[in-house]
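Working notes, beginning with the structure itself.
The values are calculated or read from the model by the stated rules, or taken from the named source; none is laboratory data. The model shown is predicted, which means the values in this text are computed figures rather than measured ones. Note that we place each Cβ from the backbone using ideal geometry, even for glycine, and neighbour counts take in every protein chain shown. For the accessible areas, the whole protein counts, side chains as well, though only heavy atoms, and no ligand, DNA or RNA atoms are used. Shrake-Rupley method; radii C 1.70, N 1.55, O 1.52, S 1.80 Å.
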Amino acid sequence: MKAKFIFVTGGVVSSLGKGLTAAALGTLLENRGLKVAIQKFDPYLNVDPGTMNPFQHGEVYVLDDGAETDLDLGHYERFTKCQLTRFNNLTSGQVYKTVLDNERKGLYLGKTVQVIPHVTDEIQKRIRDIAEYTDADVVITEIGGTTGDIEGLPFLEAIREFALEVGSHNACFIHVTLVPFIKAAGELKTKPTQQSVAKLREIGITPQIIVCRCEFPLGKELRQKISLFCNVKYEAVIEERDVEHSIYEVPLMLQREGVDDLVCGFLRIDTPAADMAHWQDILRRLVAPQNRVRIGVVGKYIGLNDAYKSVYEAISHGGIANDTGVEIEKIDAEDIEKHGAAVLLKGLNGILVPGGFGGRGIKGKMAAARYARENDVPYLGLCLGMQVAVIEFAQNVLGFKGAQSFEFDPEPSHPVIALMDEQQRVVEKGGTMRLGAQSIEIAVDSLASKLYGAFLTKERHRHRYEFNHEYQDDFERAGMRLSGTSSNGRLAEIIELKSHPFFIACQFHPEFLSKPNAPHPLFKGFVHAALLHLQTKRPEQR
Ligand code: GLN
């Protein structure tokens, strides 16, 4: 095994941006010419986050192979070239499931099955497996949760043993921690960091690098204090301030602090410094764009930034592609039900309805699609955002008043969105939707083919319901065109309106395939359309 290993742990509180830090380090190492693999360990007992409510867990990020994973994997894919699979996200649920299945098969030969070594072995196996099948130079493993959590202990024990086994210049520990600003004292405080590092050392892990998340500069004194009490070199106390404009600043911030140099030093990796010129250009377009547009995202988890993480990121990538700053207006679908679409959506240059499940807010989303359709405002619908556009069109253009999806009405008079055949007999909830990358054929002379510049593509999916083909002729006649289908021709993948500047919606999730340096064509086109909308509006409408 040629790989070197970096373990990223977190202290004090959750939501510190450990995933971002791991991903940003991945960017730097790749730009030093190294092959990087990144994986995430999650200590919860769910087999995967697919069954969790977005309020619990944020977005469920879907991979090509259909794995429903933690949203940090989205950061990994956006920041690096890594090809992720279901093996890049391991949960306690998966570990215990494997161990218990093995026990039932008698594979432990009569031994007492225990956390150490059986659970820890299973965790270590995953680190080794990733290193072997990716053939990476460096494997970054992020441990979810916070140091001190009971459920995280087996993972910490596993990486401690693993590091011991591979030897000191082959493994490096980075601890991401919080240095809070106490308003009353007007000071940054290092005590929580000291205590969380002490907790790690109790377990036998001594981090070599401490990444301090803070609102203000650390200063020399605090760096010295953290260095002394946490037993790391002065240069290994890293300041990671809250970003001013964009998360894409993080790699540059870490580079300035010398994190990648430190890591390469510890791991005795000899490479030239990272060339980040292209990344600087991405950032320039984000920080000082030529144009500005306003795009509304109409959803039901609007209060929680993590719920539509990839959607927000993909919109910003569309902005990068058009040298346009996008101000995202987050609009609660239920507020539209209360106050009306015109009140909340007026003045926007684009409207996006993302994916979702369940009937709450559905009327508001339909009203948003209708407003976009009737007022020539660019519209991008994703998954449920396509289904609501279809239902709205059926009700208000085709005049099918009782049109609905089976998801929200068990006996609609016009089931324009129906349960997929393959889903009819599905009873289990976890991992049973139509998931992952599927091929799509794009119609000639369509907006979709113009945007993609291709007639064939692959996109990631996560749904149970689909457009009901029995109604296709009605829709086509009235101007809603089916411009993308699954490769067997059976499933509607993209719909668009013929007499509208930009109204397009898809059954898949393009947001999972967008990167800052490779913006997705649908998002690129959407922001471009928003820009045209802005430029062609009369001044009083702007
Ligand atoms: N709830 C819809 C379905 O299952 C849409 C899913 C989604 O938006 N991801 O088909």
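Just a few scattered comments:
- Taking a ≥ b ≥ c as the square roots of the eigenvalues of the Cα gyration tensor, an a/c ratio of 1.5 or more together with a/b larger than b/c marks the chain as prolate.
- Distant-in-sequence amide contacts of His463, defined by a placed amide H-H separation under 5 Å and a gap of 5 or more residues or a different chain, comprise Arg434.
- Backbone phi angles across segment 482-497, fed through the Karplus curve with coefficients 6.51, -1.76 and 1.60 (θ = phi - 60°), yield HN-Hα couplings of 8, 10, x, 9, 5, 5, 8, x, 8, 10, 6, 10, 9, 10, 8, 9 Hz in residue order; Gly and Pro are listed as x.
- Among the protein heavy atoms of segment 101-255, carbon and sulfur supply 51% of the accessible surface, probe 1.4 Å, non-protein parts ignored.
- Cα centroid of segment 362-396 to Cα centroid of segment 264-315, whole Å: 28
- Considering only Val444, Ala394, Ala369, and ranking their Cα positions along the charge dipole of the chain that arises from unit charges at the beta-carbon of Lys, Arg, Asp and Glu, the one farthest toward the positive end is Ala369.
- Put a plus charge on the Cβ of each Lys and Arg, a minus charge on the Cβ of each Asp and Glu, and nothing anywhere else: the dipole of the chain about its Cα centre is then about 740 debye.
- Loop-located GluC sites (Glu not before Pro) in segment 392-473 (DSSP state other than H, G, I, E, B) with a sparse environment of at most 13 neighbouring Cβ atoms within 10 Å: Glu428.
- Rounded, prolate or oblate (a/c below 1.5 giving rounded, otherwise prolate when a/b exceeds b/c) for segment 54-182 by Cα gyration tensor: rounded
- Here the accessible area of segment 449-542 is 50 percent carbon and sulfur, with a 1.4 angstrom probe and all protein chains present.
- Most simply put, the chain has about 35% antiparallel DSSP beta bridges, counting only bridges with both residues inside it.
- Projecting label points 7 angstrom from Cα along Cα→Cβ for Lys111 and Glu165 puts them 1.2 nm apart.
- Under 19 Å from a label point set 7 Å out along the Cα-to-Cβ vector of Thr271, the amide N atoms of segment 1-27 belong to 1-8, 20-27.
- Cα gyration tensor shape of segment 144-185, rounded if a/c is under 1.5, else prolate or oblate by comparing a/b with b/c: oblate
- Separation of segment 479-542 and segment 147-204, taken as the distance between their Cα centroids, equals 45 angstrom.
- Going by accessible surface with a 1.4 Å probe and the largest first, Arg104, Arg241 read Arg104, Arg241.
- Solvent-accessible area, 1.4 Å probe, carbon plus sulfur percent, for segment 406-446: 45
- Solvent-accessible surface of segment 177-266, taken per residue with a 1.4 Å probe and all protein chains present: 49 Å².
- In the chain, the calculated helix contribution to ellipticity at 222 nm averages -11000 deg cm²/dmol per residue, counting -39,500 (n - 2.57) for every DSSP H run with n ≥ 4.
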